[in-house]
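**Student:** Would you mind keeping the following structure in view while I ask a few things?
The values are calculated or read from the model by the stated rules, or taken from the named source; none is laboratory data. Given the structure is predicted, the values throughout are model-derived calculations rather than measurements. Counting neighbours? That spans all protein chains shown, and the Cβs are built from the backbone with ideal geometry, glycine included.
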Amino acid sequence: MAIPRRSFLQCAVMASVMPRPAFAEVAGLRIVSLDYGLSSTLLSLGLPPLGISDLADWGRWVVEPVLPSSVIDVGSAYEINFEILVQLKPDIILTTPYLDELLPKLQPIAKVLRLEVFTPDAGPILPAATAATRRLAAEIGRQDEAEQFLARADALFANCRQRLAGKDIPPLALVNFEDARHARVYSAPGLFHNALERIGLRNAWTRQSNYWGFETIGIEQLSTITAPEARLIAFDPVPPDVLPKLAESPLWQRLPFSRAGHFSVLQPALMFGMVNEAMRFAALLTDLLEQDA
Amino acid sequence: MPSSRHNLGPAVAVLFLLCAGGAVSWLLAAPALSGPAEPGYDIARMVFHYSTLPRLATALLAGAALALSGALFQQVLRNPLADPTTLGVSAGANLALVVASLFLPGLLGAGRDVVALAGSAAAAAVVVSLGARRGFSPYSLVLSGLVLSLWCGGLAAILTYLNQKYLASLFIWGAGSLAQQSWAIPLSLLWKVAAIAIICALVIRPLSLLDLGESTSSALGVKLVRLRVIVIACAVTLAAFVTSAVGVIGFIGLVAPTIARLAGARRPAQLIFWSPLIGAALLFFADATLQFAAGGLSNFLPTGAVTAIFGSPLLLALLPRLKIRHRIQQAPLRKRSRRWDAKVSIAIAAAVLTVLLLLSISLGRAVGGSWTLVFGDYFRDILVIRLPKIFAVLASGAMLAVAGAILQRLTGNEMASPEVLGISAGSTFGVAIALFAIAPGFSGQFAFAVIGATLVLLVILLGARRAGFAPERVLLAGIALSAMVDAVVGVLSSTGDPRAVLLMRWMSGSTYLVDGTSAALEVAIAAVLITLALAARRWLDILPLGPAPSVAVGMPLAKARLALFGLAGLLTAAATLTVGPLSFVGLMGPHLAREAGLTRAMPQMIGAALIGGGLMVAADFVGRTIVSPYQIPAGLVSALIGAPFLMLMMRRRA
């Protein structure tokens, strides 16, 4: 009988912390999430969100985990559709510091839970995302599910690490092309940098970047990567005219990455996400490297 | 080829600019070339050979092509203000490219030039056909061209904003970036520009005969229509090629021929020969300076926007010096047989507005996407969200329309509108400063928008005072200023800062941040200002008759104009805060009111206010519901409907 008592206690604690009586029935919590990373985290905690923002673009940037068809689109994160939001009657709205200007308009609608992952003093993103996951779980009474989920993540990272062990993988540079001349390169303290570390790989871009974990560079800067066999991984979506333009640019042709086998395009994975997105990246990357090896 | 025997001025200008540009380029290149060559991938040298050098070559070519295009336009349209920017040709090409990249990306590989050409040709066709009906009055032509430019530029920017996640690079490109990563672009541009230049060389003689007047040149065997078509086609094609290669580079085609003229190139052949050289040297110098000054940021700073920042004040400064040969044709107050009594028209407009309001307040989209009336539980919740927006756009639409009516009466030009006056752009600039420099939240942005609008208004008024408030000067000055402000905003946006998204939201006329307080304020301001405008109805009835009758009836001409411009400015500033700088309601409202037979000032303003308010309410309703749960800003919806509507209307009436 340990479990019912425990969840009863959780509810009791939460009821004392949160003013609204709706929290007595945790299972039926109506949550709207205004951030992709938080949305996918909710799914993994076994509590699919009622509505999320930018649902239409989920397949282009996040892809996995797949959202249940019941999820409702509440409009773009830049312009939340408040009429829809009100009609959903949410208990909780999840936001990030990025949407702080909306706080006064969200607070009358529901309890607002503001979770910080990408902030100037958050440090490495993956641990910050893990902490945010635990905090979110505590707020909605899903601690057990959170621990199980985080254990699954650890297992996945460990599995990837094991699959790649002994394969002598060279350092990897991770980029998104902005145009044929510029790219965003991902490094510490970013999410994917942490994921690389977790699966035992080295980031070829060793310089620290901003708190989102990226730096915008001219492609010629990629030549400063000194590791001899380093590989370049670009993420989809690559803007349509970039690859043909690169092909005719000496700046690109003379980079070691333009040699066959040193450059790959990986399916989309959201670099500004949370634990799920790091897992997806690790899995996609491990598959790719195993295929090539 | 005309030689420089007669006049050394243009050659000196070219030499000076080239030397200055060369000196700055040397400063740019020196670090790359000074060190010993490193083995392997020598970044400094690689960038110098495949980025810096092709960029400078592109600057020379694009500058020459745009200046040639501008000189051709100026010669064939006999209009010293014509160039690919002021005629909307570059903006048309750019819009076509943006639309193609969004909806038909397959076209953009080999078909890039064709897409750009289609866009610029369409823009030229619209502007020239409008101009032809108004006797190619230089002022009208440029006004239509700039309105078209504003519209195309705004639409392109907004399409970018709506798709901003995966079009990050369009920002840079759309504002004309010369950044290169190989020799491919300058080489292909070279042969294209050369081919057009050869055609130009062939028509230079008949073209110079145009200055003798139409009948004389016809008598000398010039086939006028064919010549005009060929020359305009050349100019349009040049602009399209440049836009396709590097984006919109503002005002080079205006500035280079002006410098040539000031340096003493008087005859057409001289002008057409020297302008491209000056243009090449000018853009070369400008771009080298930009690269040198911006350092690491230079690849993201759009040269096109920077040339616009410096080019548009030059346009401003040149205005008083340019002799605008033809005065505007005072739009004759058409004595059409009134179909309806003014009262009936106004009653109909009021009834339609009431229906629109009721519809907009009560009808919406529910969670599943189905259409639904507000009901039961949600009634209060939904109305709290919906009502402020509806009344804010209503007030803004009414204010813009009244401002438009005032400006059109004041200037006697149907294309005059608050959007064109530049005050909207001033507000945008204020918001930009608030966002980027201080970021004080909504109320701060509000305050800065008012300050920005007021400053632009002051500059316009001060500039216009010297010219005795001659209407064409005021409007052109407003446009020049608005182009400059737009360019500054473009530069800010292209730094890749996330705050740029907020700025774009503002520009697109989104009512997202409107709440009860700001809506109430907006309505109150509208009530006060529109009452003031109605009080000035006598002035507005007399002014369109021309300066002489106005003075004759004892009206203080300069003071009346000053007061009315001021009032129009305040109306615009207040409205822009809600619906953004691009709504075009200020053009449509007064037009429709006149169409409905409301010709006197008082009924026209009342009718315009009702119609303008109704248009904005309808636009807000469409934007809110059509792609729900996503929302299209009301300002954008009304601009998308408004501008083409206006073009159609002008065709019909002219």
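**Student:** In this structure, is A:Pro90 of a type outside the set (D, E, K, R) and in contact (Cβ under 8 Å) with a residue 24 or more places away in the chain? Outline the logic, then answer.
**Tutor:** Numbers: of a type outside the set (D, E, K, R): yes; in contact (Cβ under 8 Å) with a residue 24 or more places away in the chain: yes.
Answer is yes for this residue.
**Student:** Being at pLDDT below 85 and either in a strand (DSSP E or B) or of a type outside the set (Lys, Arg) (or both), is that true of even one residue in region A:133-150?
**Tutor:** First, pick out the residues of region A:133-150 that are at pLDDT below 85: none.
No: zero hits.
**Student:** Separate question: From A:Pro108, A:Pro90, A:Pro65, A:Pro120, grab the single residue that is in a loop (DSSP other than H, G, I, E, B) and touching a strand residue (DSSP E or B) at 6+ places or on another chain (Cβ under 8 Å).
**Tutor:** Details: A:Pro108 fails: touching a strand residue (DSSP E or B) at 6+ places or on another chain (Cβ under 8 Å); A:Pro65 fails: touching a strand residue (DSSP E or B) at 6+ places or on another chain (Cβ under 8 Å); A:Pro120 fails: touching a strand residue (DSSP E or B) at 6+ places or on another chain (Cβ under 8 Å).
Of the residues listed, the single one that is in a loop (DSSP other than H, G, I, E, B) and touching a strand residue (DSSP E or B) at 6+ places or on another chain (Cβ under 8 Å) is A:Pro90.
**Student:** Within region B:451-458, is even one residue surrounded by 18 or more Cβ atoms within 10 Å (Cβ to Cβ), modelled with pLDDT of 70 or more and either within 20 Å of B:Ser144 (Cβ to Cβ) or touching a Pro at 6+ places or on another chain (Cβ under 9 Å) (or both)?
**Tutor:** No, that holds for no residue.
**Student:** What number of residues within region B:129-160 are modelled with pLDDT under 75 and either more than 18 Å from the chain's Cα centre (by Cα) or in the same structural domain as B:Gln631 (by TED's automatic domain parsing) (or both)?
**Tutor:** Qualifying residue count for the region: 6.
**Student:** Within region A:122-131, can you find the residues that are surrounded by fewer than 22 Cβ atoms within 10 Å (Cβ to Cβ) and in contact (Cβ under 8 Å) with a residue 40 or more places away in the chain?
**Tutor:** Looking only at region A:122-131, we keep the residues that are surrounded by fewer than 22 Cβ atoms within 10 Å (Cβ to Cβ), and these are A:122-124, A:127, A:130-131.
Residues satisfying the conditions are A:Ala122, A:Gly123, A:Pro124, A:Pro127, A:Thr130.
**Student:** Of the residues in region A:241-260, how many are among the charged types (D, E, K, R) and either over 13 Å from A:Arg181 (Cα atoms) or at pLDDT 85 or above (or both)?
**Tutor:** Residues of region A:241-260 that are among the charged types (D, E, K, R), as a first pass: A:241, A:245, A:248, A:254, A:259.
After this cut, where a residue has to be either over 13 Å from A:Arg181 (Cα atoms) or at pLDDT 85 or above (or both) as well, the list is A:254, A:259.
Matching residues across region A:241-260 total 2.
**Student:** Considering only region A:59-98, state which residues are under 26 Å from A:Asn176 (Cα atoms), of a type in the set (A, V, I, L, M, F, W, C) and crowded, with 20+ Cβ neighbours inside 10 Å.
**Tutor:** Those that are under 26 Å from A:Asn176 (Cα atoms), of a type in the set (A, V, I, L, M, F, W, C) and crowded, with 20+ Cβ neighbours inside 10 Å: A:Trp61, A:Val62.
**Student:** Please give the strands (runs of 3 or more DSSP E) falling wholly within region A:197-293 in which 3 or more residues are in contact (Cβ under 8 Å) with a residue 60 or more places away in the chain and crowded, with 20+ Cβ neighbours inside 10 Å.
**Tutor:** On the way: elements: A:214-218, A:231-235, A:263-266.
Answer list for region A:197-293: A:231-235.
**Student:** Let me ask something additional. Which of the residues belonging to region B:611-635 are under 23 Å from B:Ala366 (Cα atoms) and part of a helix (DSSP H, G or I)? Even if it seems obvious, please write down each step before you answer.
**Tutor:** Within region B:611-635, the subset under 23 Å from B:Ala366 (Cα atoms) is B:616-634.
Once the filter is applied, which keeps residues that are under 23 Å from B:Ala366 (Cα atoms) and part of a helix (DSSP H, G or I), region B:611-635 yields B:Met616, B:Val617, B:Ala618, B:Ala619, B:Asp620, B:Phe621, B:Val622, B:Gly623, B:Arg624, B:Thr625, B:Ala634.
**Student:** Suppose we keep only residues that are within 14 Å of chain A (Cβ to nearest Cβ) and touching a helix residue (DSSP H, G or I) at 6+ places or on another chain (Cβ under 6 Å) within region B:46-97. Which one would you say is surrounded by the fewest Cβ atoms within 10 Å (Cβ to Cβ)?
**Tutor:** Within region B:46-97, the subset within 14 Å of chain A (Cβ to nearest Cβ) is B:46-55, B:58, B:97.
Add one more test, that the residue is touching a helix residue (DSSP H, G or I) at 6+ places or on another chain (Cβ under 6 Å), and what stays is B:46-48, B:50, B:54, B:58, B:97.
On the way: B:Met46: 18, B:Val47: 19, B:Phe48: 16, B:Tyr50: 21, B:Pro54: 22, B:Thr58: 26, B:Leu97: 27.
Within region B:46-97, the match that is surrounded by the fewest Cβ atoms within 10 Å (Cβ to Cβ) is B:Phe48.
**Student:** Which of the residues belonging to region A:25-47 are assigned to a loop (DSSP other than H, G, I, E, B), out of contact with any strand residue (DSSP E or B) (no Cβ under 7 Å at 6 or more places or on another chain), away from chain B (no Cβ under 14 Å) and over 18 Å from A:Gln148 (Cβ atoms)?
**Tutor:** If we filter region A:25-47 for residues that are assigned to a loop (DSSP other than H, G, I, E, B), which is where we start, we get A:25, A:29-30, A:34-35, A:45-47.
If we keep only those that are out of contact with any strand residue (DSSP E or B) (no Cβ under 7 Å at 6 or more places or on another chain) as well, we get A:25, A:30, A:45-46.
Of the ones still in play, those that are also away from chain B (no Cβ under 14 Å) are A:25, A:45-46.
Matches in region A:25-47: A:Glu25 only.
**Student:** To continue, here is another question. Return the total of residues in region A:221-236 being modelled with pLDDT under 80 and over 17 Å from A:Ala260 (Cβ atoms). Show your work before the answer.
**Tutor:** Filtering region A:221-236 for residues modelled with pLDDT under 80 gives A:226-228.
With over 17 Å from A:Ala260 (Cβ atoms) added as a condition, the list becomes A:226-227.
Within region A:221-236, residues that are modelled with pLDDT under 80 and over 17 Å from A:Ala260 (Cβ atoms) number 2.
**Student:** What number of residues in region A:165-191 are more than 14 Å from chain B (Cβ to nearest Cβ) and in contact (Cβ under 8 Å) with a residue 40 or more places away in the chain?
**Tutor:** Total meeting the criteria: 12.
**Student:** Those residues that are at the interface with another protein chain (Cβ under 8 Å from one of its Cβ atoms) and closer than 24 Å to A:Glu145 by Cα, I need them from region A:48-79; list them, please.
**Tutor:** Of the residues in region A:48-79, the ones at the interface with another protein chain (Cβ under 8 Å from one of its Cβ atoms) are A:56-57, A:60-61, A:72-76, A:78-79.
Scanning region A:48-79 gives a single hit, A:Ile72.
**Student:** Return the residues of region B:360-395 that are in contact with a Phe, Trp or Tyr (Cβ under 6 Å, 6 or more places away or on another chain) and under 22 Å from B:Ile611 (Cβ atoms); say none if nothing qualifies.
**Tutor:** Selection gives B:Ser360 alone.
**Student:** Output the residues belonging to region A:125-158 that are out of contact with any helix residue (DSSP H, G or I) (no Cβ under 8 Å at 6 or more places or on another chain) and among the polar types (S, T, N, Q).
**Tutor:** A:Gln148, the sole residue that qualifies.
**Student:** Show me the helices (runs of 4 or more DSSP H) entirely contained within region B:499-610 in which 1 or more residues are in contact (Cβ under 8 Å) with a residue 24 or more places away in the chain and within 14 Å of chain A (Cβ to nearest Cβ). Give the derivation first.
**Tutor:** Numbers: elements: B:499-507, B:516-535, B:537-542, B:547-552, B:557-579, B:585-595.
Qualifying helices (runs of 4 or more DSSP H): B:499-507, B:516-535.
**Student:** Need the failing condition index for A:Phe263 against (1) over 29 Å from B:Ala100 (Cβ atoms); (2) touching a Phe, Trp or Tyr at 6+ places or on another chain (Cβ under 8 Å); (3) modelled with pLDDT of 85 or more, just the number.
**Tutor:** (1)
**Student:** When you go through B:Phe292, B:Phe273 one by one, which is the residue that is more than 25 Å from the chain's Cα centre (by Cα), modelled with pLDDT under 85, in a helix (DSSP H, G or I) and surrounded by fewer than 24 Cβ atoms within 10 Å (Cβ to Cβ)? I'd like the intermediate steps shown before the answer.
**Tutor:** Working: B:Phe273 fails: modelled with pLDDT under 85.
Of B:Phe292, B:Phe273, the one residue that is more than 25 Å from the chain's Cα centre (by Cα), modelled with pLDDT under 85, in a helix (DSSP H, G or I) and surrounded by fewer than 24 Cβ atoms within 10 Å (Cβ to Cβ) is B:Phe292.
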